[in-house]
Every structure is written in structure tokens, then in C-alpha cells.
Amino acid sequence: PLTSGKGSVLLVDAAPGTITGSRELLRRALFNLVENAVKYGPKGGQVRLCAELDGTDMVITVADQGPGIPPELRERAFEPFFRVDKSRSREMGGVGLGLALVREIAVLHGGGVTVESSSENGTTFAVTLPLVQPC
């Protein structure tokens, strides 16, 4: 339902692995990233959600085809109430808390989030969360 309004496509590729934590908070973090990717991407665009193992971590990336985030604003994008493009804030909705929540949820679960890459062809966010280690 999130993508149908813009005719966007959500592509998912996930490696097997187990992380522990709050199902609701983790769902909220991923929802916020996917929602932003759809919101700022073009009509009919693609959003890629991937989960890959990286040593003792699961790295979940969400990539969009939106306008990108300038390098000097990438860290600030995670600040509460910060909007990368203030001129579009009324048009797009939201108050600038989504990425701040993503960061807090990732940190709460022992991980983090970064802007992995960004250009005029889109942005990729990477959430790193520790895997459950076998006994």
C-alpha cells in the first residue's frame, strides 16, 4: 500500500540471519526508511531493501532514486526536526523526526545508521545491527 500511490516498486533481497530486539521498533525504523524512499523518489521509481551479513552484523540497506542528500548535510539528516529540503516540507508532510527515530532505534539495539551513498541518482541508508551469536 505504501508504494501503490506513486506506482513505485519495492524490491527485497534478504540473507538469513537473526537479530534480537523490539519487533515494533525495528519495524518502525525500516518503515521510516522505506516511507522516505518512496516519498522522495520519482513516480514509478524503485526502492531496494537488502539485508546482508557482514561478520557479526546484519546490514540492512534502503536505496532510493530520489534527489540525494548533499555531503555536508548527511550527518545532520539524523538530527530531530532537521529537513534537508525545507522548501518541500509542506508538500511532502512530516516534521523531520523519521531519521532521528531510525538512529535512536538502531543505537538502542546496539547498532547504528549511516548514509552509505548519495547522489542526484538516489540515496542509500545502511542500518547495522548485531546478529544473535550461537551459544
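Couple of notes before you dig in:
- Cleavage-rule hits (chymotrypsin sites (Phe, Trp or Tyr not before Pro)) in the range 33-135: DSSP loop, at most 16 neighbouring Cβ within 10 angstrom: Phe81, Phe82
- Loop GluC sites (Glu not before Pro), the range 29-124 (other Cβ atoms within 10 Å of the site Cβ: 10 or fewer; DSSP): Glu120
- Å² per residue, accessible surface of the chain at 1.4 Å: 58
- Net length gained if the chain between Lys6 and Glu104 were fully extended (0.36 nm per residue, minus Cα distance): 32.4 nm
- Rounded to 10°, Cα long-axis angle of helix 23-40 versus longest principal axis of the chain: 30
- Within the accessible area of the range 18-113 (1.4 Å probe), percent carbon and sulfur: 55
- Counting only DSSP beta bridges with both residues in the chain, the antiparallel share comes to about 80 percent.
- Normalising the average separation of contacting C-alpha pairs (under 8 angstrom, six or more residues apart) by the number of residues puts the relative contact order of the range 23-73 at 34 percent.
- Relative contact order for the chain: 28 percent, from Cα pairs under 8 Å spaced at least 6 residues apart, divided by residue count.
- Qualifying trypsin sites (Lys or Arg not before Pro) for the range 1-92 [loop in DSSP, other Cβ within 10 Å: at most 11]: Lys43
- Summed side-chain charge close to Leu101 - residues other than Leu101 whose Cβ falls under 13 Å, Lys, Arg +1, Asp, Glu -1: -1
- Based on DSSP H segments of at least four residues, each scored -39500 (n - 2.57), the chain has a per-residue ellipticity at 222 nm of -7500 deg cm²/dmol.
- Using a Förster distance of 41 Å, the FRET efficiency for Arg23-Arg76 (Cβ separation, nearest 0.05): 0.90
- Each Lys or Arg adds one and each Asp or Glu takes one away; over the other residues whose Cβ falls under 14 Å from the Cβ of Ser8, this sums to +2.
- Potential lengthening between Glu52 and Glu120 on full extension [0.36 nm per residue; Cα-Cα distance subtracted]: 22.0 nm
- Relative to the longest principal axis of the Cα atoms of the chain, the long axis of helix 98-108 lies at roughly 10 degrees.
The values are calculated or read from the model by the stated rules, or taken from the named source; none is laboratory data. Nothing here was measured: the structure is a model prediction, and the numbers come from that model. Backbone-built Cβ (ideal geometry, glycine too); neighbour counts: all protein chains shown. Keep in mind that these areas ignore ligands, DNA and RNA; they rest on the heavy atoms of the full protein, side chains included. Shrake-Rupley method; radii C 1.70, N 1.55, O 1.52, S 1.80 Å.
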